[in-house]
Amino acid sequence: MKLVVTEKNDAATKIASLLGASKPKADKVYSTPIYRFEVDGEEWVTIGLRGHILEPDFTPNLVYKKRGGWQGVTVEGETVPADVPASLAKPPFKKKKPFTEDGVELKGWKMDALPYLVYAPIEKLPKEKEIIRSLKNLAKKADSIVIATDFDREGELIGSDALSCIQEVNPTAPVSRARYSAFTKEEITHAFSNLVELDVNLASAGASRQDIDLIWGAVLTRYLTLVKFAGYGNVRSSGRVQTPTLALIVARERERLAFVPEDYWVIKGAFDAAEKTGPTAGEGALAFEAPHATARFKDEAQAKAAMTAVEGATSAKVLSIEKRSRKQQPPVPFNTTSLMTAASAEGLSPARTMRLAESLYMDGYISYPRVDNTVYPSSLDLEEVVKTISGNPAYAPFCKELLARGPLTATRGKKETTDHPPIYPTAMVTPDDLPPAEYKLYNLIARRFLATLSEAAVVEGTKVTLDISGEHFAAKGDVLVHEGYRAIYPYGMKKDEQLPALAEGQQIAFNGATCTKKQTEPPARYSQGKLIQEMEKLGLGTKSTRHSIIERLYTVKYIQNDPIEPSQLGMAVCDALDKFAPHITHSEMTAELEAEMDNIAEGQKTKADVVMNSRNLLSEQLAGLMPHSEEVKDALADAVAADAYVGKCPKCGKDLQIRASQKTRGMFIGCAGWPDCDVTYPLPKGKIESMEELCPTCGMPQVKVTAFRSKPRVICIDPNCETNKEPDVVVGECPVCKAAGKQAKLIAQKNPRTLKRFIRCENHDECGVGYPLPQYGKLTATDEVCEHCGAPLVIVTTARGPWKLCPNFDCPGKEQDDSEKAASKGKKTAAKKTAAKKTAATSKAAAKKPSTRKASSGSAGK
DNA sequence: GCAAGGTC
């Protein structure tokens, strides 16, 4: 049997179907899907991995991790490894109690251990245990092995790791490597009939990248985290990609802070081309505005002079009319970066876009979403794709036109690779088939695809120069005269600015001018989309990781909001590293690493040399950092306090700060004077940000709360403030008391101490009836009761609109509702006769939904 | 409790 190992399941399926004489049989080894088929009478099996199946980490016995902690590094036999430079040859912990595996008193060792962590040995440990088990199981039976992972550095490394697993159980089977860069019959057949050897040097270049990232990341993250340990869940991370990315954001913020705005003056004139008599008399649509030909007056006196010159004038003369039509070329096909950028402009963050794209891809709606390529391969049948998606009524007329026009030609981007096609739709979807956010992204991708096949749009630009007593005004108009691709792809479109029809020499009405003082703006903060583009330009991260790097910066609270601004903590971390360990804050580290990896791949250097060089460099940087720990500690502490500050304590005057509860992990506001001052305020669930403005009602500080998937709202921190008070509402009668022949009211109320809202029977002590309520949203009672459990229905009105709710968590109707919804959705999509894959995916989702819901309501019931 | 890179 010939075993073919691919990087992902998807590739295993495709290769099997392209090489097999007949349709491959899908099978499983343990839980891993495999595909069996025959080639010239020989049995072949393909198995897809899940990317990297091994992961480097410090050798477990030598890096002390007991109690989940970062305690220290043991030095084997208490002698220092030969690699460690002489300056570090005397372990600082030797003077204290010796380090043993059983764990002794470790206090104060953590920071001291860092210089040794720099030189700690690294091993490859299993990461995907289940896949490894399946792989080994197959490998035992294999007569020969083909490594068919992706044709790039990481692919070579993934293949090499897979091979080391295989050779543990089958060291003798011959091994070869298939290199392909597209899933077409020709390409795959060619790759498998021209097998080569695994490129050990290339794999080793990738492995150096792994080791260097781990060492720098672990050492600097531990340094920043331990220098002022702020409790669990407060990791201060650093890394080869994330820290330079943070530095970009911080640098932009510094530019903004250093920016000195300059005053300028803008003059705008009001005009009207309506004839006082004649056919168009009285039609108001002919009024328009135009700025002075000097767009910005830097000198107030000059602006004033221009105003004086036009003062009292009632007419303007049309001096010249210039018309220029320009073509707007249709956009080029989507790759990962351009998709994330475009989606970012539509309010989907890059990380969310990739999650949605992954799900659309798995359900068969779009092609593989992680690509650099921006040129459709000739093997892609563009016409077929257009036909497929023309079933969506929103695209149908446009598709019809496209197909009627004759053979399709597509735009081409600058990047042409052949691994995957650019992102395009692979199935027809309507808004009913998908949740709104997923459809939004699908719609963007489908429309972009159609746009790449369309004609250019033509915009006619008109520039009219008007003269009033020697002062010139410039009116500009833009009109879309040929829609072209704009008919299907309206994203980022400017509104038409139409000017009335004018003739040179014509006199039109001038209705006065206004002069406004403005100020120059500092450079804009990065949007997430722009930052992704900037990272790509600098070679930071890859198409598959950039979004997660940005997300990481958000979760460690180095950055906030979109457009992105750094927190005080983010700036402090960046400054500290830039001052004492500047190597990590610059994108050049990545560029240098790339060069070194090329050297390894070409056989000019070894991995051992490159990694040791990097360790020595890190050792120097750490040596710069260690003597300044006090300074770094204070800087970080001040920054954290500044980020947490919400206002002054009304009792003692010290700072009120947003804090995390140790017990519940929830947020609350506490006084910096604690334990001397015990002032606290509860906070609702969600992301909390401090606000500058005080509560207009009571003068206490306010915070901005963003609950999960909701719009932000501003609340006063004082629960007793009028703005937070909610009257108790009678929402109905208690069904339990009623059944027992008693009468009791159910009352919705709010606990000011915990901010929790709930419905409780006034006879609660006896009947125990109580239901939870959402923490916010306006609550209204109804006359209706739930048909399933008899609890009163209430209406909750949030920013997303009102919704009716049965508050009973254990209501038997809850589960039924969900399974009905899921089942009807399954039927609907099946009826639409789209791709078979899609139907399978939807019914899978339908089968899954009720069971997950069951689990959550079950645990809530206890 | 670390990184960044694959992929789910």
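The values are calculated or read from the model by the stated rules, or taken from the named source; none is laboratory data. What you see is a predicted model, and the numbers here were worked out from it, not measured in a lab. Note: ideal-geometry Cβ built from the backbone for every residue, glycine included; neighbour counts use all protein chains shown. Accessible surface is based on the protein model in full, side chains and every heavy atom, while ligands, DNA and RNA are left aside. Shrake-Rupley method; radii C 1.70, N 1.55, O 1.52, S 1.80 Å.
Brief remarks on what is shown
- Residue check, A:Asn201 in a loop (DSSP other than H, G, I, E, B) and either open to solvent by 40 Å² or more (accessible area, probe 1.4 Å) or closer than 25 Å to A:Asn599 by Cβ (or both): no
- Number of positions in segment A:314-341 that are open to solvent by 30 Å² or more (accessible area, probe 1.4 Å), of a type in the set (A, V, I, L, M, F, W, C) and out of contact with any Asp or Glu (no Cβ under 7 Å at 6 or more places or on another chain): 1
- Residue selected from segment A:488-538 under the condition under 24 Å from A:Gln329 (Cα atoms), open to solvent by 60 Å² or more (accessible area, probe 1.4 Å) and acidic (Asp, Glu), by the criterion nearest to the chain's Cα centre (by Cα): A:Asp496
- Pairs linking a residue in segment A:297-326 that is free of Cβ contacts under 8 Å to residues at least 60 places away in the same chain to a residue that is part of a loop (DSSP other than H, G, I, E, B) and open to solvent by less than 50 Å² (accessible area, probe 1.4 Å), with Cβ atoms under 7 Å and 6 or more positions apart or on different chains, do not occur.
- Selected residue (only one of A:Val769, A:Val796 is surrounded by 14 or more Cβ atoms within 10 Å (Cβ to Cβ), in contact with a Gly (Cβ under 6 Å, 6 or more places away or on another chain) and β-branched (Val, Ile, Thr)): A:Val796
- Scoring A:Tyr489 on the criteria (1) touching a strand residue (DSSP E or B) at 6+ places or on another chain (Cβ under 7 Å); (2) closer than 27 Å to A:Pro369 by Cβ leaves a single failure, condition (1).
- For segment A:301-404, the helices (runs of 4 or more DSSP H) that sit wholly inside it and include 2 or more residues that are over 17 Å from the mean Cα position of the chain (by Cα) and small (Gly, Ala, Ser) are A:396-404.
- Each residue in segment A:410-434 was checked for being within 26 Å of A:Thr149 (Cα to Cα) and either in contact with a helix residue (DSSP H, G or I) (Cβ under 7 Å, 6 or more places away or on another chain) or hydrophobic (A, V, I, L, M, F, W, C) (or both), and 3 pass.
- Taking every residue in segment A:29-58 that is basic (Lys, Arg) and within 12 Å of DNA strand B (Cβ to nearest atom) and pairing it with any residue that is at pLDDT 95 or above and open to solvent by less than 20 Å² (accessible area, probe 1.4 Å), at least 6 positions away or on another chain, the pairs with Cβ-Cβ distances below 7 Å are A:Arg50/A:Ile131.
- Considering only residues in segment A:224-275 that are open to solvent by less than 20 Å² (accessible area, probe 1.4 Å) and among the β-branched types (Val, Ile, Thr), the one that is nearest to A:Lys298 (Cα to Cα) turns out to be A:Ile267.
- Residue count, segment A:381-409 (criterion: open to solvent by 20 Å² or more (accessible area, probe 1.4 Å) and under 25 Å from A:Ile188 (Cα atoms)): 4
- Look at (1) of a type outside the set (Phe, Trp, Tyr); (2) buried (at least 16 other Cβ atoms within 10 Å of the Cβ); (3) not assigned by TED's automatic domain parsing to the domain that holds A:Asp272 and you find that A:Ala303 fails only one, number (3).
- Residue in segment A:179-186 that is of a type outside the set (A, V, I, L, M, F, W, C) and surrounded by 18 or more Cβ atoms within 10 Å (Cβ to Cβ) present: yes
- Total residues in segment A:3-13, condition buried (at least 18 other Cβ atoms within 10 Å of the Cβ) and not in a helix (DSSP H, G or I): 5
- Applying the set (1) open to solvent by less than 20 Å² (accessible area, probe 1.4 Å); (2) more than 15 Å from DNA strand B (Cβ to nearest atom) to A:Trp216 leaves exactly one unmet item: (2).
- Scan of segment A:504-541 for residues that are of a type in the set (D, E, K, R) and either at positive phi or more than 16 Å from DNA strand B (Cβ to nearest atom) (or both), ordered by number: A:Glu504, A:Lys517, A:Lys518, A:Glu521, A:Arg525, A:Lys530
- Filtered residues of segment A:542-565 (kept if open to solvent by 20 Å² or more (accessible area, probe 1.4 Å), charged (D, E, K, R) and near DNA strand B (Cβ under 9 Å from one of its atoms)): A:Lys543, A:Arg552
- Close pairs from segment A:230-252: first more than 13 Å from A:Ile549 (Cα to Cα), partner polar (S, T, N, Q) and within 8 Å of DNA strand B (Cβ to nearest atom), Cβ under 6 Å, at least 6 apart: A:Val235/A:Thr225; A:Arg236/A:Thr225
- Taking first residues from segment A:626-649 that are of a type in the set (Asp, Glu) and partners that are open to solvent by 70 Å² or more (accessible area, probe 1.4 Å), the Cβ contacts under 6 Å between residues at least 6 apart in sequence or on separate chains come to A:Asp643/A:Gln568.
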